Structure formats: structure tokens, C-alpha cells
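One structure is given below, encoded as C-alpha cells.
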Amino acid sequence: MLRRVVYHVLNAENLLIFISCPKCVELKLPREGASFCTQDCFKASWSSHKAVHLKAKLSSIGSNTPWESGIASPSDGWLYCLRKGQSRTAQMPHFDWTGPLRPYPISKKRVVPAGIELPDWAVDGIPKIEPASDLQHVVEIKSAEKIARMRETNRIAREVLDAAARVVRPGVTTDEIDAVVHEATIAAGAYPSPLNYHFFPKSCCTSVNEVICHGIPDARKLEDGDIVNVDISLYYKGVHGDLNETFFVGNVDEASQQLVKCTYECLEKAIAIVKPGVRFREIGEIINRHATMSGLSVVKSYCGHGIGDLFHCAPNIPHYARNKAVGVMKAGQTFTIEPMINAGVWRDRMWPDGWTAVTADGKRSAQFEHTLLVTETGAEVLTARLPTSPKVFPWLN
């Protein structure tokens, strides 16, 4: 039970009585902001005021303080993510962090309105059709009707990514980016594929600086000089679309600019060889050659994938050299190419949340992704940039 702590301030005219928050007194916090004119005032302010106490505790142990400026508060559901999204905690997990980035609390799960077609994991977090499908072993040749749906779905995915790109700037949280993605997706009548996929808690992935992939949108504000990858996937008319881009946040150093540009070039060079008869393994040779010539490394733990009725299926598309991918490209196949390129070593580590993959040495990583259709003569980029896409990459201007 809270005790009232009362102190008196005497001026020339009156004796004023203020109520001081007992927890603030216990934590030896400044008197400013901890004083209330009446008991009713104190009670009315309690739900928001108590976040000050947690901020002070985190500061005392040297942790980041994501509760500042009302960005995040446990009382509003803002908590750290654990167990691939299946549990939450109010305390930052312990980990041997590889770089300067730290996790921040995440907000509650966003709501998908009735009427949106749902994938089978939307309710309970468990994909059921995907793991047992023959398409995990056989690369589908899609019908003209399904290709038409793929074009429509991936165009929407591009428009959603463009909406996210327009809000990337210093001071914006990755949770705010996720909100834009979520609203744009459901406004188009689509479902954000990552949401609750194997319990992933958000509607897109936001991977900042040393995060390679699968970063969870949270309460951290983007800072001047950051780079951030936004990965969009959505489900519409029974098929999935998938793409991502890495954006500059404010003024980015030359090394990071070169990392992002080289990663973009790796994807472009890989797309250029796509056509019937080319072996899937050759994509990794092309990407690896260009990255290593620039003194960069290629992530080996994650790869591109087939896509369509299923979010992930055959073929696997490794991005590194001397890979063991089997099969050749045929007209009518759809798959993603999504190279992840690191400034340092290629190896990765996993954060305690079970999703966030980071570089083992804490150096930065960049990624770009497109969904492609193999045609009779080459490749159609289903997620290609539109005339309305924001001009965010200097080398395209």
C-alpha cells in the first residue's frame, strides 16, 4: 500500500502542502515531476507516472531506457520479446551483444479486421499446409491465372514498402514503421504474412545496422546515420508477395553507403542471369563474386525461396558460392532472391528473442529482395519499383 509523503513549502503568503510520490522518494529521484497537489491528482497520474520508476531502475543498471517520452510503458503492453514471440518480459534479456544495438520493448499485436483472407497461421501461429506440402520438394510451374494473382499481390507489396520508405527518418521508431505497413496492408484488403507466422509478433521485419534479418519492430527511435532494412510480405487472393530494401536514415557514413549500394548491385546482377535452363546454384556464384570483390561477405544461414500459395517453398536460393542448390530454372516458376551482405564476417548470432539475426562481429549488414517470375526469355520482377516509388537511392537518380 502506498504511503503519503508530505512536505511543506512556505512562501510569504501561504503554507502549501504537496504530496510526493513515495516510490520517487525511495529511488531518490528529483522532486520536480514527483510532486502532486492533491491525493486525487496523484491517483489520476499514477498510470503514466509509474513509468518513471522503471526508467530509473533501468538507468541504474546501465541499460537503455526505452520508456522515455512515453514511447513505451509496460502498463500499455510494451514489453521485451522472448521465445520467438511466445512470451514477454519487462526486463531486457541478458546477452553477449555483438554490436551497439539493443532490443527495445514491442507493442501489442496489431488487429486484422474481419473480412481479410487469413493464412492458416494467423490465429494460432502454426503453419499447417506449408510444412507438409509437396511444394517443399517440387518447384511449381504456375498457371497463367495464378501468375496474374502473383502480379497483383506483389504490386501491392511494392506499394506497401514504398509507404514505409516515405516515413523512414531520424526519430521515427521501427514500431511506427510497422504501423504504417500494417495499415497499408489491410487497407489493400491483404494480410501481413509475417504476423504470427511461427509466432512472429509484427507485420513486417525491420533490421537496423548489424541486424541481418528478421528484426522485430520496437520502440527504438531510428538515429541519424543508421541503415534499416524493411522486409514486406503479404497474403492476397491466396498467394504471397515478398520484397525488401535497405534505407539510409539521415546522414550515413561512406562505408555504409557502399555496403548498401553493393548489396543492391548483387541483387541486380543475380536477376540478370535468371532465365530458363540456368541452375539455381549459379545465383550464389554471381552474388559472392561481386560482394567479395568489394571486400564484403555473404551470409550463408538464410536464403531466397520459392513463393506462391505458400510463403516459403522450393526452390532454395543460396546466395554464397559453391552451394549445393539443385535444379534448373523453368518458365512459370516464382521465387525470391534476397542477398544479405555483411561489412565484416559472414557468420551470424541469434538474439534472445529467437528471431533477430545479427552479425557475429557487430558490423553492419544490408539486404535487398525481389520476387521474380521466370519467363520464356528471362525474368519478370514482380516487385519492381514503380514510377511513384520514392527516390531514395542516389545511384538510381
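The numbers here are math on the coordinates, done by the rules we state, and not lab data. As the structure is a prediction and not an experimental result, all values here were calculated from the model. All Cβ positions, even for glycine, are placed from backbone atoms using ideal geometry, and neighbour counts span all protein chains on display.
Side notes on the structure shown:
- Highest mean first, the peptides 125-134, 221-230 sorted by other C-beta atoms within 10 Å per residue fall in the order 221-230, 125-134.
- Pairs exceeding 19 Å between alpha-carbon atoms, taken from Lys84/Lys202; Lys84/Lys109; Lys237/Lys275; Lys261/Lys330; Lys142/Lys330; Lys202/Lys391: Lys237/Lys275; Lys261/Lys330; Lys202/Lys391.
- Here the stretch 129-396 is treated as a sphere whose radius is the Kirkwood value from Cα pairs; by Stokes-Einstein at 37 °C and 0.692 mPa s it diffuses with a coefficient of 179 µm²/s.
- With neighbours defined as other Cβ atoms within 10 Å of a residue's Cβ, the residues Cys262, Cys213 order from fewest to most as Cys262, Cys213.
- Ranked for footprinting exposure by Cβ neighbours inside 10 Å, fewest first, Met340, Met92 give Met92, Met340.
- Each peptide in 363-371, 171-179 gets a packing score, the mean of other Cβ atoms within 10 Å over its residues, and the list from highest to lowest is 363-371, 171-179.
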